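Undergrad: Dumping the structure here so I can ask a few things about it.
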Amino acid sequence: MARISRFNLGSKSPFRTATLWLIWGWLLLFALLPNILVIAVSFLTRDSSAFISLPVSFDSYVRMMDPLYFEVFVHSLWMAGITTLLCLLLGYPFAWLVSKAQTRWQPLLMMLLILPFWTNSLVRTYALKLLFANNGLINKSLLAIGVIDAPINILYTQGAVIAGLTYLLFPFMVLPLYAVFTDLRNDMLLASQDLGASKRQTFWHVVLPLTTPGIISGVLLVLLPAMGMFYVADVLGGSRHLLVGNIIKNQFLDARDWPFGAAASVILTLAMAVLLLAYRASSRRIGKTDFNEVA
């Protein structure tokens, strides 16, 4: 038996080594190297013929403080923050209810949550456009039941963009919250109740701190993507409600100002790093040491 075990381990070693090399090579080639290139481009100078050129310059980062772009950044952060808050307010009780359902029903409920991912997000965004239009399903239904006398303007508003972002990113908030709720031990809740704590006190002092990593993970998975989903703002918001992703797309594809587009991308990357540090700190606070799992 010992010889068989040693043989099996030895036979798996080349495969394990090849797999690790493949994973590390993939990450270096398609994750680390592109980010290094984006950072390097952000410090170069715009060139009309070659897109980028020397000398090294900080003008792109200085331009980020221009009132025009700064306003777009703040407005984008505002819409992304509202989207994140809505996803949290809806996703927190939803994840708790799913975790409290019978074990046999939980996979089905989670599959129904993930099912929309089988359709391209751009297609689903255009479906929302059909719902929000003046002659769309929502206005027609409200007119039919007599709630309104004339179609209401939903499409091409800030509310339409936020609704689209919330719809698309809601599962990203639920999944990490569901993970922390399934790991939540009932004996801690019972101990809190035995010590005389009310349900409200148990929630604030036991449940909420233990689920903080899941909240931060959900914020990490919702806030930054919400700022970058430019096609949602294009389809549902027109040209009046832009996101940071719209600036990046326009700079790379339309204005051909690669250094400025790269600088905006670096700002989003730094924001992600701040959120990752917050997740690490919250995980340490509750004694969790596996920082590799965001969810």
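Since every read-out is calculated from the coordinates, none of them should be taken as a lab result. Just so we're clear, the structure is a prediction, and the values are computed from it rather than from any experiment. No Cβ is skipped: glycine too gets one built from the backbone with ideal geometry, and neighbour counts run over all protein chains shown.
Undergrad: Quick one: length gained pulling residue 184 to residue 127 fully straight, 0.36 nm per residue minus the C-alpha distance?
TA: Residue separation times 0.36 nm, minus the Cα-Cα distance, leaves 16.8 nm.
Undergrad: If you don't mind, there's one more thing I want to ask. Charges only on Cβ, +1 for Lys and Arg, -1 for Asp and Glu: so what's the dipole of the stretch 24-147 about the Cα centre, in debye to the nearest 20?
TA: 640 debye
Undergrad: Considering the options 243, 144, 176, tell which one lies farthest towards the positive end of the dipole of the stretch 64-285, charges being +1 on Lys and Arg and -1 on Asp and Glu at the Cβ, about the Cα centre.
TA: Projecting each Cα onto the dipole axis, the largest value belongs to 176.
Undergrad: If the only charges are +1 at each Lys and Arg Cβ and -1 at each Asp and Glu Cβ, what is the size of the charge dipole of the stretch 64-285 around the Cα centre, to the nearest 20 debye?
TA: 500 debye
Undergrad: Give the cross-link partners of residue 140 among the aspartates and glutamates, using a straight C-alpha distance below 20 Å as the criterion and excluding same-chain residues fewer than 8 apart.
TA: 149
Undergrad: Now for a separate question. Putting +1 on Lys and Arg Cβ atoms and -1 on Asp and Glu Cβ atoms, find which of 116, 128, 99 reaches farthest to the positive end of the dipole of the chain.
TA: 99
Undergrad: Another one. In square nanometres and to one decimal, what's the mean projected area of the convex hull around the Cα atoms of the chain?
TA: So the Cα hull casts an average projection of 24.3 nm².
Undergrad: Also, I was wondering about something else. Tell me, what is the Rg over Rh of the stretch 65-203, with Rh the Kirkwood radius over Cα pairs?
TA: Over the Cα atoms of the stretch 65-203, Rg/Rh equals 1.10.
Undergrad: Work out, step by step, the length gained on full extension between residue 240 and residue 134: first 0.36 nm times the residue separation, then minus their alpha carbon distance; give nm to one decimal.
TA: The span from residue 240 to residue 134 would gain 36.4 nm if fully extended.
Undergrad: Another question about this same structure. Give me 114, 267 ranked fewest to most by other Cβ atoms within 10 Å of their Cβ, as a rough exposure proxy.
TA: Ordered from fewest to most neighbouring Cβ atoms within 10 Å, 114, 267 come out as 114, 267.
Undergrad: Pop the C-beta distance of residue 15 and residue 62 into the FRET formula with R0 = 41 Å and round what comes out to the nearest 0.05.
TA: The value I calculate is 0.20.
Undergrad: Mind jotting down the three principal axis lengths of the stretch 135-233 based on Cα atoms? Whole angstrom, largest first.
TA: Principal-axis extents of the stretch 135-233 (Cα, largest first): 58, 35, 18 Å.
Undergrad: Moving to a separate point now. Could you rank the peptides 118-125, 142-149 by their average count of other C-beta atoms within 10 Å per residue, with the highest value first?
TA: So the peptides 118-125, 142-149, ranked by packing, come out 118-125, 142-149.
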